[in-house]
């Protein structure tokens with residue numbers, strides 16, 4: 001298995017090998033964000049890449065959105081695209097070493113980019129990184145995909161084994177409004193911290 005480190009991801013951005021990036025916020029997350037009333041909640045988007053979700057939130061008045069990535073390249077892209085986005089909310093670092101806590105964490109192609117051996121640690125770290133009653137919301141692939149390189153897939157039953165010890169499942173179903181190439185292959189997750 002290739003090492004999925006900072007150099008790997010920086011090279012992918014520099015060579016424009018970002019097939020996961022659809023160039024805008026996806027409909028499932030847009031719909032979820034649009035029903036949020038409190039625009040002051042603290043939100044983390046780990047492994048955010050070009051963070052179209054953060055751009056949408058910021059442009060819609062959310063004041064406390066933090067973007068985190070292990071590579072500086074996507075953070076620089078965000079600065080160019082959204083010059084007013086607070087620089088202190090662009091965090092270069094490893095999610096597993098991050099110590100702040102949040103009301104909401106957004107999952108969008110971060111889980112599938114990690115080595116599958118980290119999935120149990122991911123669920124535990126998500127739990128630790130959320131405030132009491134915090135939520136983990138996003139999309140997970142319900143498809144085999146790749147076993148030797150990202151994106152790594154999986155299935156709902158596997159994911160339940162990782163998340164059930166730490167979360168109650170408000171929604172965990174096949175996504176009805178995925179983008180066309182992912183239709184029928186994504187699960188929408190809305191988990192609440194136990």
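Only residues that are under 20 Å from residue 6 (Cα atoms) and touching a residue at least 40 places away in the same chain (Cβ under 8 Å): list them for the range 94-110, please.
Going through the range 94-110, the residues under 20 Å from residue 6 (Cα atoms) turn out to be 94-99, 107-110.
Selection gives 95, 98, 107, 108, 109, 110.
Evaluation of residue 85 against the conditions (1) surrounded by 18 or more Cβ atoms within 10 Å (Cβ to Cβ); (2) within 27 Å of residue 164 (Cα to Cα); (3) over 15 Å from the mean Cα position of the chain (by Cα) shows that the sole unmet condition is (2). Do we have any residue at all in the range 109-116 that's part of a helix (DSSP H, G or I) and over 14 Å from residue 186 (Cβ atoms)? There is at least one residue in the range 109-116 that is part of a helix (DSSP H, G or I) and over 14 Å from residue 186 (Cβ atoms).
Give me the residue from the range 148-168 that is part of a helix (DSSP H, G or I) and under 18 Å from the mean Cα position of the chain (by Cα) and, out of that set, surrounded by the most Cβ atoms within 10 Å (Cβ to Cβ). Full working, then the answer.
Here is the first cut: in the range 148-168, the ones part of a helix (DSSP H, G or I) are 156-163.
If we keep only those that are under 18 Å from the mean Cα position of the chain (by Cα) too, we end up with 156, 159-160, 162-163.
On the way: 156: 13, 159: 20, 160: 13, 162: 18, 163: 23.
Only one residue tops the list, namely 163.
Yes or no, residue by residue, for (1) at pLDDT below 85; (2) closer than 27 Å to residue 127 by Cβ; (3) part of a loop (DSSP other than H, G, I, E, B):
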residue: 7; (1), (2), (3): yes, no, no
residue: 25; (1), (2), (3): no, yes, yes
residue: 29; (1), (2), (3): no, yes, no
residue: 38; (1), (2), (3): no, yes, yes
residue: 48; (1), (2), (3): no, yes, yes
residue: 54; (1), (2), (3): no, yes, no
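Taking (1) in contact with a helix residue (DSSP H, G or I) (Cβ under 9 Å, 6 or more places away or on another chain); (2) under 21 Å from residue 135 (Cβ atoms); (3) not in a loop (DSSP other than H, G, I, E, B) in turn, residue 62 satisfies each apart from (3).
Considering 153, 134, the condition of being touching a strand residue (DSSP E or B) at 6+ places or on another chain (Cβ under 8 Å), modelled with pLDDT of 95 or more and either farther than 18 Å from residue 96 by Cα or not assigned by TED's automatic domain parsing to the domain that holds residue 52 (or both) is satisfied by 134 alone.
The values are calculated or read from the model by the stated rules, or taken from the named source; none is laboratory data. Bear in mind that the values here come from a model prediction, so they are computed numbers and not experimental data. With ideal geometry, Cβ positions are generated from the backbone for all residues, glycine too; neighbour counts draw on all protein chains shown.
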